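What follows is one structure encoded as structure tokens, with my remarks underneath.
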Amino acid sequence: MTALAILAARAVRLAIRVLRPGGGSAAPGLVANRLAPTLLVDVINSFPEGLVIVSGSSGKSTTTSMLSALLRAHGLSVFTNHSTANIRQGLMSALLSEITLAGRARASIAVLEMDEAHGAKIVAELAPTTVVLTNVMTDQIDRFADPRDVAQMLEVIALRATRQLVLNADDVFVNAMPSSPEAVVSRYGVAESVIAELPHGLGNLRTTPTRLVDGVIVESVLDYSTRLRIRGVAVDVDLPARGVHYAIDLAAAVAAALAILGDYFDPTLAQQALSALAPVFGRGERVTVQGKLVELVLVQNPTSFQLNIDHLPPSIEQLLVAVGSDVRDPSYLWPVDTSSLGSVVTVSGSQAEEMALQLAYRGVSVGAVEPDLLRALDDFIALPDPADGVKTIIFSADSMRRTRRHWRLT
Amino acid sequence: MELLTTRIVLGSGEVIDGLGMLPGEVLPRDERVSGDVVVESRFGTLVGFENHARRYALPVDAQALGTVLQGDGNGTPERTEGVIAGSVLGSRIRGPLLAKNPALADHLLETMTKGAYRATGANATSADRLASIVRSQTLKRIASA
């Protein structure tokens, strides 16, 4: 039955690839889960070196990607899911390439990114050896009104860790997470001087009053590099993109790798692996489309919106902002100080006018409001390269997905 | 706004004293309310978004901001939204309330400055034009639902 389920699901996946190139799909997973309901859990719990779960409001994708790179650099084969595959079906779909027809995992360790709510539901069936928690953002007004609800979900996940629990010492909720008796707790955090430099602190994260001393520490952050202190040793690492949040994700990944690998952790290997890492999927990523270089910046909540803006060069010459149907409560756009953007060439997406209204009140001049995203993208890419800097697109998740499909980006 | 009322009753039964600047009390709801809200008021039709999990019970003699045409508002059988208490205006309409409802914003500006200031100029005009598009998109969305 297992082999049949896997073959059927792979056939569905092939069909989807032919019919809808560039789009992701959870349909193959649905098929597999229906035909062999226990397969998913059986496989996830069967990785020889264990199961790592990464969860929290934001930074999951980046941390997961960085941790996978670190473990691979140390010789482990890693199964990891991508940012869209956070739920049961998406996960099963992703696993289909990674398992034998007998339903056994090929890789030695699994590093899975899990959405807070779905993760809390599924984790009772799972046996994670390591849990890594990023943060609890207090601004998820569309989905989670009360950060304490998120904290409770993360607690459920935290308590399942059997060997290691890795916590963000700067986040009041995460820092206080309970652990099971067998799990060893370790922490990561930033230095005082790092917070002092940030115009909006650590964003919508409830910050702990004192800074971490014992753990992986972000000592300093420059435009494209950061200095981490790992077991007392300073290690300089290139960042995949601008922003203190990337340095914090790095610290989380390093702290997790340190906990998992123990004495096998090699700072030099870590430094090389991380510095070589390409930016994850749409967050501060540079791509070439029709011969033109474009920087893509994904914003998922007021905090990431603010932090990303704070790290962009001011007054970008060619900027497109696209906000789509994932933004249901438009108030989510308004706590963000967008004034440093200066001017925007085009505002697009299904919520273009909502975004343009916010920009108007912040004194940002807008060239055109074009709700038709594909047309806006075509016109934008056709513009000659800017004299200064790079064409930049800031988009919400829905607009990002449509953009990636339109330009056939992986 | 809820903290300005006389009291807030939480789901646990715990009661928080409000500042008492607005009449009435805030009571728990079973479910969160979130979606478009349209209210008919003396400042015209107010359009916005509501996102909360409480009912606002106004005393009989209190004046509401308006009547709910779409959405939940105060969540009481009277189908009212918000409150007007003397010179204080309370509402749980967001989106934001004033940017989406320039007529209300203008009224507040005029009242506060005793007519000395009006929003004019290209910035105000283009912002209000965007607000107008958003309002009609919202109303169209509601009509076709």
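Within 19 Å of the chain's Cα centre (by Cα), more than 14 Å from chain B (Cβ to nearest Cβ) and of a type outside the set (A, V, I, L, M): is that true of A:T288 in this structure? Spell out the reasoning first.
Numbers: within 19 Å of the chain's Cα centre (by Cα): no; more than 14 Å from chain B (Cβ to nearest Cβ): yes; of a type outside the set (A, V, I, L, M): yes.
It is false that A:T288 is within 19 Å of the chain's Cα centre (by Cα), more than 14 Å from chain B (Cβ to nearest Cβ) and of a type outside the set (A, V, I, L, M).
Considering only residues that are out of contact with any helix residue (DSSP H, G or I) (no Cβ under 8 Å at 6 or more places or on another chain), among the small types (G, A, S) and more than 14 Å from every other protein chain (Cβ to nearest Cβ), which ones fall in region B:45-94?
Of everything in region B:45-94, those that are out of contact with any helix residue (DSSP H, G or I) (no Cβ under 8 Å at 6 or more places or on another chain), among the small types (G, A, S) and more than 14 Å from every other protein chain (Cβ to nearest Cβ) turn out to be B:A57, B:A62, B:A64, B:G66, B:G73, B:G75, B:G82, B:A85, B:G86.
Being open to solvent by 20 Å² or more (accessible area, probe 1.4 Å) and away from chain B (no Cβ under 13 Å) is the filter; apply it to region A:329-343 and report the residue that is nearest to the chain's Cα centre (by Cα).
Ranking the qualifying residues of region A:329-343, first place goes to A:D337.
From the set of residues in region A:369-409 that are assigned to a loop (DSSP other than H, G, I, E, B) and free of Cβ contacts under 8 Å to residues at least 40 places away in the same chain, which is surrounded by the most Cβ atoms within 10 Å (Cβ to Cβ)? Walk me through how you get there before you give the answer.
Let us first name the residues in region A:369-409 that are assigned to a loop (DSSP other than H, G, I, E, B), namely A:371-372, A:383-390, A:396, A:407-409.
Subset that is free of Cβ contacts under 8 Å to residues at least 40 places away in the same chain: A:371-372, A:384.
On the way: A:P371: 18, A:D372: 13, A:P384: 8.
Per the stated criteria, the residue is A:P371.
Taking B:R79 and the conditions (1) open to solvent by less than 50 Å² (accessible area, probe 1.4 Å); (2) touching a Ser or Thr at 6+ places or on another chain (Cβ under 8 Å), which numbered condition does it fall short on, given that it satisfies the others?
Of the numbered conditions (1) open to solvent by less than 50 Å² (accessible area, probe 1.4 Å); (2) touching a Ser or Thr at 6+ places or on another chain (Cβ under 8 Å), the odd one out for B:R79 is (1).
Quick one: which helices (runs of 4 or more DSSP H) sit completely within region B:83-145 and have at least 1 residues that are among the hydroxyl-bearing types (S, T, Y)?
Working: elements: B:97-100, B:102-113, B:122-144.
Correct list: B:102-113, B:122-144.
For region A:219-239, does any single residue satisfy the condition of being crowded, with 21+ Cβ neighbours inside 10 Å and assigned to a loop (DSSP other than H, G, I, E, B)?
yes
Can you confirm whether A:R13 is among the basic types (K, R) and open to solvent by 60 Å² or more (accessible area, probe 1.4 Å)? It would help to see each step written out before you state the result.
On the way: among the basic types (K, R): yes; open to solvent by 60 Å² or more (accessible area, probe 1.4 Å): no.
Here the answer is no, as A:R13 does not meet what is asked.
Which one of the conditions (1) in a helix (DSSP H, G or I); (2) crowded, with 21+ Cβ neighbours inside 10 Å does A:T346 fail to meet, given that it meets all the rest?
That leaves (1) as the condition not met.
When region A:190-241 is examined, which residues are found to be modelled with pLDDT of 90 or more and on the phi > 0 side of the Ramachandran plot?
Scanning region A:190-241 gives a single hit, A:G215.
Somewhere in region A:345-352, is a residue more than 22 Å from B:T138 (Cβ to Cβ), free of Cβ contacts under 8 Å to residues at least 60 places away in the same chain and of a type outside the set (K, R)?
Just the residues of region A:345-352 that are more than 22 Å from B:T138 (Cβ to Cβ), to begin with: A:345-346.
Cutting the leftovers down to free of Cβ contacts under 8 Å to residues at least 60 places away in the same chain gives us A:345-346.
Checking the rest, the ones that are also of a type outside the set (K, R) come to A:345-346.
Within region A:345-352, one or more residues are more than 22 Å from B:T138 (Cβ to Cβ), free of Cβ contacts under 8 Å to residues at least 60 places away in the same chain and of a type outside the set (K, R).
Look through region A:129-143, keep the residues that are surrounded by 20 or more Cβ atoms within 10 Å (Cβ to Cβ) and farther than 12 Å from A:V52 by Cβ, and return whichever of them is farthest from the other protein chains (Cβ to nearest Cβ). Before the answer, list the steps.
Here is the first cut: in region A:129-143, the ones surrounded by 20 or more Cβ atoms within 10 Å (Cβ to Cβ) are A:129-140.
Those still in the list that are farther than 12 Å from A:V52 by Cβ too: A:134-140.
Details: A:T134: 25, A:N135: 22, A:V136: 18, A:M137: 16, A:T138: 15, A:D139: 12, A:Q140: 12 Å.
Filtering region A:129-143 for residues that are surrounded by 20 or more Cβ atoms within 10 Å (Cβ to Cβ) and farther than 12 Å from A:V52 by Cβ, the one farthest from the other protein chains (Cβ to nearest Cβ) comes out as A:T134.
Mind listing just one residue for me: the one in region B:95-126 that is open to solvent by less than 60 Å² (accessible area, probe 1.4 Å) and over 22 Å from B:E40 (Cα atoms) and, of those, farthest from the other protein chains (Cβ to nearest Cβ)?
Among those that are open to solvent by less than 60 Å² (accessible area, probe 1.4 Å) and over 22 Å from B:E40 (Cα atoms), it is B:G115.
With the structure loaded, tell me whether A:D115 is open to solvent by 10 Å² or more (accessible area, probe 1.4 Å) and acidic (D, E) or whether it fails that test.
Yes: the conditions hold for A:D115.
State which residue is nearest to B:P96 (Cα to Cα) when the search covers only region A:349-401 and only residues that are among the hydroxyl-bearing types (S, T, Y) and within 14 Å of chain B (Cβ to nearest Cβ). Break it down into steps so the answer makes sense when it comes.
Here is the first cut: in region A:349-401, the residues among the hydroxyl-bearing types (S, T, Y) are A:350, A:361, A:365, A:392, A:396, A:399.
Okay, now just the ones that are also within 14 Å of chain B (Cβ to nearest Cβ), so A:350, A:361, A:365.
On the way: A:S350: 18, A:Y361: 11, A:S365: 20 Å.
Top of the filtered list is A:Y361.
In region B:18-53, what residues are of a type in the set (D, E, K, R), within 14 Å of the chain's Cα centre (by Cα) and open to solvent by 40 Å² or more (accessible area, probe 1.4 Å)?
B:E40, B:R42
Name the one entry in A:L165, A:L126, A:L91 that is buried (at least 21 other Cβ atoms within 10 Å of the Cβ), at pLDDT 85 or above and away from every other protein chain (no Cβ under 14 Å). Give the steps one after another, and end with the answer.
Working: A:L126 fails: buried (at least 21 other Cβ atoms within 10 Å of the Cβ); A:L91 fails: at pLDDT 85 or above.
None of the others qualify; the one that does is A:L165.
Can you tell me how many residues in region B:2-15 are touching a residue at least 12 places away in the same chain (Cβ under 8 Å), open to solvent by 40 Å² or more (accessible area, probe 1.4 Å) and within 21 Å of B:E31 (Cβ to Cβ)?
Within region B:2-15, the first condition is being touching a residue at least 12 places away in the same chain (Cβ under 8 Å), and the residues that meet it are B:2-11.
Those still in the list that are open to solvent by 40 Å² or more (accessible area, probe 1.4 Å) too: B:3-4, B:6-7, B:10-11.
Next, only the ones that are within 21 Å of B:E31 (Cβ to Cβ) stay: B:10-11.
Going through region B:2-15 one residue at a time, the tally reaches 2.
Answer yes if at least one residue in region B:132-144 is on the phi > 0 side of the Ramachandran plot and either more than 11 Å from chain A (Cβ to nearest Cβ) or more than 15 Å from the chain's Cα centre (by Cα) (or both), and no otherwise. Before you say what the answer is, go through the steps one by one.
First, the residues of region B:132-144 that are on the phi > 0 side of the Ramachandran plot: none.
No, there is no match, as no residue in region B:132-144 is on the phi > 0 side of the Ramachandran plot and either more than 11 Å from chain A (Cβ to nearest Cβ) or more than 15 Å from the chain's Cα centre (by Cα) (or both).
The values are calculated or read from the model by the stated rules, or taken from the named source; none is laboratory data. Every value quoted in this text rests on a predicted model; they were computed, and no experiment measured them. In this analysis, Cβ positions are derived from the backbone assuming ideal geometry, glycine residues included, and neighbour counts consider all displayed protein chains. SASA here: full protein model, heavy atoms, side chains in, ligands and nucleic acids out. Shrake-Rupley method; radii C 1.70, N 1.55, O 1.52, S 1.80 Å.
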